[in-house]
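A short worksheet on the structure shown next.
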Amino acid sequence: MTSVKKNNMLPPGLVSNLQQVLLSRKGGGGGGEEEEKKSDPSNDDNDKSTEPSTSTCVENTEEESNNSKPIVLVTNGDGIDSPGLVSLVEALVREGRYNVHVCAPQSDKSVSSHSVTLQEAIAVTSAEINGAIAYEVSGTSVDCVSLALSGALFSWSKPLLVISGINRGSNCGHRMIYSGVVAGAREALFCGVPSLSISLNWKKDESQESDFKDAVAVCLPVINAAIRDIEKGFFPKSCFMNIEIPTSPSANKVSILMYFSQIAEQMLLLIYRQYAHNYRPLSN
């Protein structure tokens, strides 16, 4: 796990000299009282103890800056080492607008649909992604989102947005049903958090790893616009966005589908009723 580096740009010796100069100026020209301070080393130690260190000031400033940024949680279905997720996270960190956190599957779970892990322990390990706090989970995309939103991993209780992707391969139409990356966004929606999933239409012998960087460049404006709408209260609360990026992203148009939670609820209700009708024992 990597955290934001807090560097003190001034050498300790220079900081000490600056502190002494500032203390001497407080004396107003140097009278007998100032001479006593210089001759008594205990006074010098006391003065130094009351002065805030430069490193502490830098740490506090950076911490306050990070706390003021919108929190974005990133997951996916292809696994935490996939180039799509890494490219997206690095781009979000470079934007400098967001406090980026990652909770993604340890291995490829791209066709896991909305499955969850039951009757076995889920292992969580810190991961190295530059500029973001990251964890890898030995479970599905749904496990990752559920665990991240539970408060067990991160200090925050709720992110502003959950992004699932960028997935290798198309996830539009019927593919949304069994897609792991779409399930990650859907789980966030069920938990009341705005979300979107992103997939790149990957074609064998045509697509290249560099296409993920082009895909990031294409979808970043959409992500920024979605966050602005969330902050203003304009983002629809009953749906999530499924972004389909075509092959050769820089040369083709992007498709955005809105998946409504009411539809999912109705589908689940129909499935439950069908199951109950077929398998429930008849009452006398």
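For the criterion of being in the same structural domain as W202 (by TED's automatic domain parsing), at pLDDT below 95, of a type in the set (S, T, N, Q) and closer than 22 Å to I230 by Cβ, S157 passes.
Collect the residues in the range 147-186 that are closer than 30 Å to T247 by Cα, charged (D, E, K, R) and out of contact with any strand residue (DSSP E or B) (no Cβ under 7 Å at 6 or more places or on another chain), keeping them in residue-number order.
As a first pass, look at the range 147-186 and keep what is closer than 30 Å to T247 by Cα: 160-186.
From what is left, the residues that are charged (D, E, K, R) are 168, 175, 186.
Scanning the range 147-186 gives a single hit, R175.
Criterion first (under 15 Å from V72 (Cα atoms), surrounded by 15 or more Cβ atoms within 10 Å (Cβ to Cβ) and not acidic (D, E)) does V137 satisfy it? The answer is no for V137.
So which of S110, S146, S115 is of a type in the set (S, T, N, Q), touching a helix residue (DSSP H, G or I) at 6+ places or on another chain (Cβ under 8 Å) and assigned to a helix (DSSP H, G or I)?
Values: S110 fails: assigned to a helix (DSSP H, G or I); S115 fails: assigned to a helix (DSSP H, G or I).
Just one listed residue meets the conditions, S146.
Name the helices (runs of 4 or more DSSP H) wholly inside the range 169-249 in which the number of residues that are farther than 24 Å from S150 by Cβ is 2 or more.
Values: elements: 175-178, 180-190, 211-232.
Those helices (runs of 4 or more DSSP H) span 175-178, 211-232.
For E128, the conditions (1) at pLDDT below 95; (2) more than 14 Å from the chain's Cα centre (by Cα) all hold with the exception of (2). In the range 214-230, the residues that are surrounded by fewer than 17 Cβ atoms within 10 Å (Cβ to Cβ) form Cβ pairs under 6 Å with partners that are of a type in the set (F, W, Y), at six or more places apart or across chains, as follows: D229/F235. Inclusion of S155 among residues that are in a helix (DSSP H, G or I), of a type in the set (S, T, N, Q) and under 16 Å from the mean Cα position of the chain (by Cα) is not warranted. Filtered by the rule that a residue be more than 19 Å from E95 (Cβ to Cβ) and surrounded by 15 or more Cβ atoms within 10 Å (Cβ to Cβ), the range 231-246 gives C239, F240, N242, E244, P246.
Note down all Cβ pairs under 6 Å where the first residue falls in the range 153-179 and is on the phi < 0 side of the Ramachandran plot and in contact (Cβ under 8 Å) with a residue 40 or more places away in the chain, the second is in a loop (DSSP other than H, G, I, E, B) and of a type in the set (S, T, Y), and they're at least six residues apart or on different chains. Here the result reads N171/S179; Y178/S113, each pair linking the range 153-179 to a residue that is in a loop (DSSP other than H, G, I, E, B) and of a type in the set (S, T, Y).
Anything in the range 180-208 that is of a type in the set (S, T, N, Q) and at pLDDT below 90? List them, or say none. So that I can check it myself, show each step before the final result.
Filtering the range 180-208 for residues of a type in the set (S, T, N, Q) gives 195, 197, 199, 201, 207-208.
Passing the criteria: S207, Q208.
Have a look at K69, K158 and point out the one that is farther than 20 Å from V222 by Cβ and charged (D, E, K, R).
On the way: K69 fails: farther than 20 Å from V222 by Cβ.
So the residue among K69, K158 that is farther than 20 Å from V222 by Cβ and charged (D, E, K, R) is K158.
The values are calculated or read from the model by the stated rules, or taken from the named source; none is laboratory data. For clarity, every value in this text was computed on a predicted model and none was experimentally measured. Because the Cβ atoms are built from the backbone with ideal geometry, glycine has one as well, and the counts that use them run over all protein chains shown.
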